[in-house]
1. Please list, or write none, the lysines whose alpha carbon is within less than 22 Å of the alpha carbon of K243, excluding same-chain residues fewer than 8 places away.
2. Can you tell me, using C-alpha contacts under 8 Å and at least 6 residues apart, the relative contact order of region 2-262 as a whole percent?
3. For a quick check, take a GNM of the chain with Cα springs below 10 Å and name the residue from N36, N79, N62 with the largest mean-square fluctuation.
4. Starting at 0 and stepping by 5 Å, how many percent of the alpha carbon pairs of region 107-211 end up in each bin?
5. Say the dipole of region 2-262 comes from +1 at the beta carbon of Lys and Arg and -1 at that of Asp and Glu; which of G253, Y30, A104 then lies farthest toward its positive end?
6. Once you put a point 7 Å from the Cα of V180 and another 7 Å from the Cα of D40, both along the Cβ direction, what distance in nm separates them?
7. What number comes out for the charge environment of P29, summing +1 per Lys or Arg and -1 per Asp or Glu over other residues with Cβ under 13 Å away?
8. Convert each backbone phi in region 70-77 into a coupling constant with the Karplus relation 6.51 cos²θ - 1.76 cosθ + 1.60 (shift: θ = phi - 60°), then list the ³J(HN,Hα) values in order as whole Hz, x for Gly and Pro.
Amino acid sequence: MKNRIILLLALAAALYTPASAETLRIISPYLGSITNKYADPARGLDLRDTAQMRGLYAQWINTEKFQANAFYYGAPEVNYSRVTGLHLNLDFYFRPTPAGKWVAGAGLETLNIDLSAGNKIAGLNSFDMDNDILFYFARAGRYFYYKKGLLNASLLPYAGYAREKITGDITMDPPGPGVVRVNLDDKDGQALAGLNLNATLAHFIDLQGKWMGRFKDGERLDEYSLMANFYLSRHWGLSYRYKYMEYGSSSNGYHLGGVAYCF
């Protein structure tokens with residue numbers, strides 16, 4: 001419920017602004033598939049499943065001042081789980097020139113995995129997990145522009161700092177007496193770095209590629225995303241989105257297709 005309230009507020013903000021030549025707003029409903037993995041070698045768990053996923057994306061852009069976006073997604077049944085997630089991002093632009101602009105912003109991601117496997121996992125009479133992940137960060141970087149013919153491109157390297165908070169619990173009933181309960185509470189700070197590449201071809205093909213790495217305890221957690229929009233008119237287009245996210249013992253990867261409406 002909390003995630004849905006945050007999403008509705010973000011969408012309301014995205015829709016309430018006077019139209020101008022520098023302002024662009026996009027809404028895209030999506031449908032596709034998600035692959036969820038959960039591994040716990042200490043307990044002999046290695047779960048992987050693919051199922052249907054739905055999502056809704058909204059973005060509000062002013063090319064010289066800011067951009068804000070929100071993406072909410074959910075999969076009702078994957079890996080014996082209900083998975084829901086929310087991504088919010090806000091960037092402010094400074095000192096724009098024909099060569100580029102500075103950017104400073106913040107982002108937030110939440111993920112909830114509500115798993116109830118019953119006796120479907122070998123070696124366990126029952127397995128239940130409620131896992132909430134909250135990840136938020138601040139970042140700064142600079143856009144570099146490139147234009148030639150029908151190609152407009154930009155590159156954004158950035159660095160920042162993130163906080164991650166994990167809450168929840170696991171309840172397992174292995175063969176024999178006794179039920180095992182594990183608390184998942186953990187929190188940590190992480191340095192992060194990223195690289196965004198955007199390219200627009202002939203004003204109607206929009207391509208985006210992004211990488212963000214989080215550095216924790218000598219290891220790196222990666223997040224990759226790709227997006228392609230093919231605009232059929234000034235207001236309507238087709239959209240494809242892919243994203244892969246690592247969260248320690250779990251990961252999500254999804255493929256989504258949808259219709260984009262711009263105004």
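1. Partners found: K37, K165, K210, K216.
2. Working: 708 pairs, mean separation 38.6, N = 261.
So the answer I get is 15 percent.
3. Sorting by GNM fluctuation, first place goes to N62.
4. For region 107-211, the binned pair fractions read 3, 10, 14, 12, 11, 10, 9, 9, 8, 6, 5, 3, 1, 0, 0 percent.
5. Result: A104.
6. Placing both labels 7 Å beyond Cα along the Cβ direction yields 0.7 nm.
7. The answer is +2.
8. 9, 9, 10, 9, x, 10, x, 7
Just so you know, all these numbers are worked out from the coordinates, no wet-lab data involved. Because the structure is a prediction, the values reported are computed rather than measured. Every residue, glycine as well, gets a Cβ built from its backbone with ideal geometry; the counts of neighbours run over all protein chains shown.
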